[in-house]
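Quick notes on the structure that follows.
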C-alpha cells in the first residue's frame with residue numbers, strides 16, 4: 001500500500017505545494033484581516049481564513065500561476081462570511097446610544113467622554129475597538145463594502161467584482177455605510193478635527 | 001447644475017475619486033456654494049480616514065501552521081470532503097454528510113411498509129412455533145402416560161385391568177398418529 005506522503009506527492013507536485021505555501025504567505029494576513037474586520041472576533045476570523053485557504057488548496061490546479069487571485073480569494077472570504085451568518089441566528093444590530101438591558105435593569109453604555117479627556121480618545125487600542133464596534137453595527141452588506149473600501153483600499157470596480165454586485169450598488173452602499181459610521185464616530189471625528197486645527 | 005440632494009449622494013464617490021470628470025467638476029462646484037455639503041464631505045473624509053488607520057489585524061501565530069496544513073499533511077486534493085487530519089474542526093465542517101439510508105426513512109409510506117414486512121417475518125415463525133410446541137406437549141404427555149401404563153403392567157401387584165384400559169385408551173395420541181377418539185372401537 002502506498003504511503004500517504006507518496007499519494008500526496010502523486011497528487012500535487014512539490015512545485016505546486018510550494019506555490020500553495022507562497023499563496024498563504026502572500027495573502028494570509030489580508031485574508032485574516034478582512035475576516036477579522038467583518039466578523040469582529042478572532043475565532044470566526046480563524047475559521048474563515050482556514051476554510052478559505054482549504055478551498056484555495058483544493059482548487060490549486062485550476063488557478064493559473066501568476067493570475068491575480070485577490071478578487072477570487074476575497075470573494076471566497078465574503079461568501080464564507082455570508083454562509084456563517086446564515087447558519088447563525090441573525091445578528092442584532094445594537095445602537096451605541098441605547099441603554100443596555102440587563103437582568104438588573106438598564107445600563108448606560110460607557111462611551112469615552114471626549115470633552116472630559118480628549119487625549120484618551122487618541123489611544124490607539126481604544127480607537128480601534130470603537131471603530132470595530134461601529135463596523136459591527138452595520139448590516140453585513142454595508143460592512144463588507146466599508147471593509148473592502150476603507151480598510152483594505154479596494155476600488156469600486158474591484159469591490160463589485162469581489163461581491164458580485166453592480167458598480168452603482170457599491171457606490172450607494174459605501175455612501176450609506178459612511179453616513180452611519182460618521183454618526184457613530186462623531187466624537188472621534190470632532191476631536192480629530194480639533195487636533196488638526198490646533 | 002447639480003441639485004443639493006444629488007450632490008450629497010455623490011460625495012463619497014467624489015471623495016474616492018470614483019466619479020467621471022464631468023460629475024466630479026459639478027460636485028466640486030456645488031461644494032463651493034453649499035456649507036452643509038462641505039460639512040458632510042469633511043465628516044465622510046474623516047470617517048474614511050479613521051477606517052484607513054485601522055491596523056492590519058495580525059493573525060495569531062498558531063494560525064499559520066493551520067493554514068499551511070493542507071500542504072503539510074492534509075487532505076488529498078482529489079478528495080472534496082477531505083479535511084486536515086490535525087487542528088481543530090472547522091465550523092463549516094460540522095454538518096455531517098447525510099448517509100443514504102435516511103432518504104428511505106424520509107418517505108413515510110416506504111418506512112411503514114418496511115416495518116410491517118419485518119414484523120410479519122418475525123411474527124409468522126413465532127406463532128407457528130408456539131402452536132407446534134403446544135401440540136407436541138399434548139402428544140408428549142399422552143405418550144408418557146401410555147408408556148408408564150405398559151411399564152406398570154410388568155409390576156406384580158398392578159391392577160392389570162385398569163392399566164389395559166389406560167394403555168389402549170383411544171383418546172391417547174401417539175406421535176405421528178391421528179386420534180382415534182370417537183371411532184367407537186372402545
* **Residue-averaged beta-carbon neighbours from other chains (10 angstrom radius) around A:151-161** => 2
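Counting other C-beta atoms within 10 Å, which of A:167, B:119, A:148 has the fewest, and how do the rest follow? Before the final figure, lay out each step's value.
On the way: A:167 15, B:119 10, A:148 25.
Least crowded to most crowded, the residues run B:119, A:167, A:148.
Per-residue mean of other chain beta-carbon atoms within 10 angstrom of the beta-carbon, peptide B:39-47?
Details: counts 0, 3, 0, 3, 10, 7, 3, 12, 16.
Mean inter-chain Cβ contacts per residue within 10 Å come to 6.
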* Asked: If each of residue A:132 and residue A:21 carries a label point 7 Å out from its Cα toward its Cβ, how far apart are those two points in nm?
  -> 3.1
* Structure fact -> Taking A:82, A:162 and counting other beta carbon atoms within 10 angstrom, the fewest-first order is A:82, A:162
* Structure fact -> FRET efficiency for residue B:120 and residue A:141 from the Cβ-Cβ distance with R0 = 51 Å, rounded to 0.05, comes out at 0.30
* Return the inverse of the average 1/r over all pairs of distinct C-alpha atoms in the stretch B:11-74, which is the Kirkwood hydrodynamic radius, in Å to one decimal. => 15.2
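Taken together, the values in this text are just the output of simple stated rules run on the coordinates, not laboratory data. Nothing here was measured: the structure is a model prediction, and the numbers come from that model. Backbone-built Cβ (ideal geometry, glycine too); neighbour counts: all protein chains shown.
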